[in-house]
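Worksheet: the structure to be examined is printed underneath.
The values are calculated or read from the model by the stated rules, or taken from the named source; none is laboratory data. Computed from a prediction, not measured in an experiment: that's the story for all the values here. Using ideal geometry, Cβ is built from the backbone for each residue, glycine included, and neighbour counts are taken over all protein chains shown.
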Amino acid sequence: MREVLTNTLLIHKAGMKVSVSFMNTDKLTGLNIQMIRQVLIKLICKHGTHLELDFSGIRFMDGDGFDTLNLIHRLGKKYGSIVTLKGVETEVLEMIDLVKKYHVFHIHQIKPVC
């Protein structure tokens, strides 16, 4: 099942796997993260969910974006769910490394540095 929420998220559900991609934005900041956070919380709090966040096109994330990722990660552990990041752009990967969170997240399909 595919659905578009908040004109920012494209969600595809297949059993316990939920893929989320971001639309119409290249940033996750305090300006747009509140609604995104609410949707991700609802998705991750279902026991055994595998939540895959496609970061393709996201080039910047501020502290609110990182706080949301940390919250989703903690809730995932609590509910026996997994959070995977894929398509992480170099700029965001550098930010993740800068805030020392690289080891916290499952990151797949990292785009090569050009």
remark   = Here the residues within region 18-63 that are within 18 Å of Arg74 (Cα to Cα), among the charged types (D, E, K, R) and over 12 Å from the mean Cα position of the chain (by Cα) are Lys42, Lys46
note = For Thr90, the lone unmet condition from (1) modelled with pLDDT of 90 or more; (2) touching a Cys at 6+ places or on another chain (Cβ under 9 Å); (3) not charged (D, E, K, R) is (1)
message = I'd like the full set of residues that are closer than 13 Å to Val88 by Cβ and either at pLDDT below 95 or surrounded by fewer than 16 Cβ atoms within 10 Å (Cβ to Cβ) (or both), limited to region 27-52.
response = Leu28
